[in-house]
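Here's the structure we're looking at; comments come further down.
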Amino acid sequence: MIDFRLDRGSGVATYLQLVHQVRHALRLGVLQPGDRLPTAKEVVDKLAINPNTVLKAYRELEREGLVAGRPGLGTFVQRSLGGASATDHARLRDSLTGWVRDARSAGLDSEDLEALFAAVVLDSFRVGEDTA
Amino acid sequence: MVWLTWRQHRMQVLIAAAFLVVLGGLLLAHGLRTAGLVDALAPGSAGRRELLGQQFIQVSKLLIWSVLLPALVGLFWGTPLVAREYERGTQRLAWTQSVSRRGWLGVKLVGLGAAVTVAGLVFGAIMSVWAGGFAELRESVGLTNLDLFVVTGVVPAAWWLFAFALGAAAGAVTRKMLPAIAVTLGVFLLVYMGTFVTDVRAHYATPVRVAEAAPVVRGEPWWSINTPPGAAAQLPAGSLMVASGWVDERGAVLPSGQTWACGSTPDYLTCMRDKGYSWFAEYQPADRYWRFQWTEAGLLLVAALALGGVAWHRVTRD
Amino acid sequence: MTVFTATGLGKRYRRTWALKDCSLSIPAGRVVALVGPNGAGKTTLLHLVVGLLTPTAGTVTAFGQAAGTTETLARIAFLAQDKPLYDGFSVADMLRFGAHLNPRWDQELAEKRLAELEIPLDRKVGKLSGGQQAQVALTVALAKRPDLLVLDEPLANLDPLARHEVMRGLMAAVAETGMTVVLSSHVVSDLENTCDWLVVLNRGSVQVSGDIEELLAEHRLLTGPAELADGVAARVTTVDESRTDRQATLLARTGAAAPPLDPKWTVRGVGLEELVLAYLRRPEAASLPRPVLAGT
């Protein structure tokens with residue numbers, strides 16, 4: 001089950017942080033379709049936030065079709081995110097690890113790496129490349 | 001609410017109960033001992049009377065401290081009732097449950113008031129029963145002994161209830177323990193002592209008047225016979241002397257200055273008689289004991305209810 | 001459904017008005033933050049809502065009835081400032097107190113909660129630590145199963161761990177029962193992630209009463225050149241401003257959409273604490289229109 005954290009200083013609305021964390025978990029495969037999300041009470045017990053915030057986050061996720069609430073049973077994951085399967089994820093992670101090693105031996109530090117990566121991602125999505 | 005009243009005030013109730021048990025035990029022992037001592041002596045004899053008198057004094061000399069009992073009741077039962085809640089701030093807890101302020105105060109006043117009254121009645125009964133063992137003594141019957149009047153019958157219960165209501169009202173008005181204690185003690189002592197100082201009990205009813213009560217006695221020096229000797233003995237047993245003095249033929253009371261008219265003549269009484277003066281006395285007969293008991297109890301009850309009303313008004317107002 | 005409503009509410013002590021012409025309406029199911037400086041009248045307002053005080057002017061109703069009647073008393077639980085308890089009572093006695101004085105008492109809930117917090121039932125209340133006493137007082141309030149829970153500065157005098165525990169317990173109770181909570185504080189950061197309705201009380205008057213998300217969405221911080229400031233200030237409702245000779249910063253109520261501005265202005269959102277401070281600095285500013293009484 002997913003473990004939520006709260007970054008109080010970030011300036012991002014709490015409910016959005018929860019939404020992002022669920023999405024992130026879905027992407028990484030930590031959450032699979034059929035998994036149950038913690039109840040508002042369970043989240044509140046750990047984080048001491050307003051339960052309405054949790055409900056709002058879940059409603060947002062439901063609106064995006066990622067989760068569905070079943071009365072009396074809880075909120076369950078409907079689908080995963082991202083087009084790739086778990087094996088694809090593993091393969092891509094490996095190749096990315098190799099690229100990072102490569103870049104580091106070329107002398108780039110972590111900020112250089114992030115800037116380079118961000119620029120490439122931006123280019124790719126802006127140009128609207130069809131990767132299929 | 002009944003549970004809460006008990007739980008908050010159980011110490012007071014238990015201490016009062018313990019006190020009554022101990023007092024009852026002590027007086028029972030004293031009474032039995034007296035009965036045992038006096039048993040051998042013939043009823044009506046001087047020796048018996050003397051022995052009874054000695055036994056009686058052992059306890060009656062302590063009666064002067066009887067003022068403490070209602071004072072303590074006022075202090076420990078009355079003042080904390082409202083003042084301590086305000087001082088500790090717990091009224092904000094007690095009055096925001098599901099019981100209204102009226103309910104809270106009503107149960108406490110009625111419940112504790114009833115307990116105080118019962119305790120006072122038990123105390124009065126204990127003292128009455130004990131005093132009954134000394135019925136042969138003049139100084140213990142009827143209305144002669146006001147110290148005894150105040151601790152027997154229903155009057156003590158009325159004083160205890162009055163003191164309780166006074167403490168509660170003082171606490172409700174001052175909302176702090178120390179001022180409430182000061183006011184309660186001050187007012188109570190004033191009233192209690194005041195009844196003795198002003199001799200108020202002598203005036204609960206129109207006194208009975210007798211004249212010419214005094215026999216003529218020869219050879220007595222004037223300073224000892226302003227109230228003729230044996231005058232008290234001429235009054236029925238157990239009565240309370242209200243006033244005495246001399247009247248002239250027309251029945252007007254002589255001011256004290258004129259009673260010296262006969263100076264220091266040895267035959268003071270004959271001299272006064274010759275001048276046409278006669279001696280009178282006003283008293284309250286002993287059989288008015290219960291009437292006076294209820295009179296005093298009634299007055300105190302009215303005062304207690306008024307004070308309870310003060311407490312009620314102050315608490316339910318804001 | 002509104003949980004309580006104050007209309008023109010005023011309370012006077014001797015000469016001074018602790019509360020003056022307060023009107024607000026709190027919807028059900030919210031966690032309300034009542035903030036304001038010391039002496040603003042927060043305690044007075046809360047005491048009026050729970051029936052410990054009677055109004056000098058105006059009215060206050062809870063659940064549609066006058067505050068302080070036995071019906072409203074039964075539905076509202078109050079945790080007063082510094083959390084009064086009967087020192088000589090044991091913890092179990094405090095629960096009995098609640099049980100005897102409240103028809104809707106949940107003894108099981110109370111015992112379970114205290115067991116989870118590891119507070120022994122036979123300990124005298126006076127011997128507990130400050131945090132434990134706070135939890136006992138909160139338990140007595142929660143076990144009453146109220147529809148409205150009112151707390152006067154519940155986090156004052158508590159260490160950070162105890163504060164967190166109290167808020168956690170409160171939020172869990174809200175998650176379970178959906179009750180409305182009103183808590184007052186003069187420390188805004190304690191309330192940021194837990195409250196969703198803000199009431200700002202300043203010098204006895206209500207400056208702000210609204211949904212926190214909406215309030216934050218409708219206020220913006222505008223920074224720009226000083227010479228343009230007056231023009232902008234005329235077009236938006238400025239709450240607070242500060243100027244140097246070069247630059248002006250305005251905290252303004254702009255409405256849901258950012259107003260059209262010269263590009264020299266930077267616009268950003270505000271945090272809750274910033275918002276509250278801005279209003280507190282300017283007692284005349286109010287985010288509410290002054291209530292108009294019928295007939296005037």
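Throughout, read-outs are computed from the coordinates displayed, never taken from laboratory work. All values reported here derive from a predicted model rather than from experimental measurement. Cβ sites come from the backbone with ideal geometry, for glycine too, and all protein chains shown count toward neighbours.
Summary table below
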| quantity | calculated |
| --- | --- |
| Helix axis angle, C:272-281 relative to chain C longest principal axis, alpha carbon, degrees | 70 |
| Chain B: angle of helix B:177-197 to the longest principal axis, Cα-based, in degrees nearest 10 | 20 |
| For the stretch A:14-77: span of alpha carbons on each principal axis (Å, largest first) | 27, 25, 20 |
| Angle between chain C longest axis and helix C:130-142 axis [Cα atoms, degrees, rounded to 10] | 90 |
| Considering only the protein assembly as shown, percent of DSSP beta bridges that pair antiparallel, nearest 5 | 75 |
| Cα-based shape type of chain C, given that a ≥ b ≥ c are square roots of the gyration tensor eigenvalues and the cut on a/c is 1.5 | prolate |
| Three-way shape call for the stretch A:1-111 based on the alpha-carbon gyration tensor, with the a/c threshold at 1.5 | oblate |
| Residues B:Lys176, C:Lys20, C:Lys42, sorted so that the one with the fewest Cβ neighbours within 10 Å comes first | B:Lys176, C:Lys20, C:Lys42 |
| Residue of C:Thr194, C:Thr266, C:Thr72 that the Gaussian network model of chain C assigns the largest fluctuation, springs spanning Cα pairs under 10 Å | C:Thr266 |
| Helix-only [θ]222 nm of chain B, DSSP H runs n ≥ 4, -39500 (n - 2.57) each, per residue, nearest 500 | -19500 deg cm²/dmol |
| Ascending count of other beta-carbon atoms within 10 Å, so fewest first, for B:Thr270, B:Thr206 | B:Thr206, B:Thr270 |
| Shielding of C:164-170 by partner chains, average beta-carbon count, 10 Å | 3 |
| For A:Leu73, C:Leu216, order by how many other beta-carbon atoms lie within 10 Å, fewest first | A:Leu73, C:Leu216 |
| Extension reserve of the B:Asp147-B:Arg10 stretch, reckoned as 0.36 nm per residue once the Cα distance is removed | 46.3 nm |
| Eligible aspartates and glutamates near C:Lys42 by straight Cα distance, threshold 12 Å, same-chain separation 8 or greater | C:Asp152, C:Glu153 |
| Alpha carbon convex hull of chain B, projected area averaged over orientations, nm² | 19.8 |
| Anisotropy class of the stretch C:214-281 from Cα gyration tensor, a/c 1.5 cut | oblate |
| Cross-link pairs beyond the 31 Å C-alpha cut-off, checked among B:Lys176/C:Lys124; B:Lys108/C:Lys127; B:Lys108/C:Lys11; A:Lys46/C:Lys127; A:Lys41/C:Lys20; A:Lys56/C:Lys144 | A:Lys41/C:Lys20 |
| The protein assembly as shown: radius of gyration and largest Cα-Cα distance (Dmax), Å | 41.5, 149 |
| Number of partner chain Cβ atoms within 10 Å, mean per residue of C:63-72 | 1 |
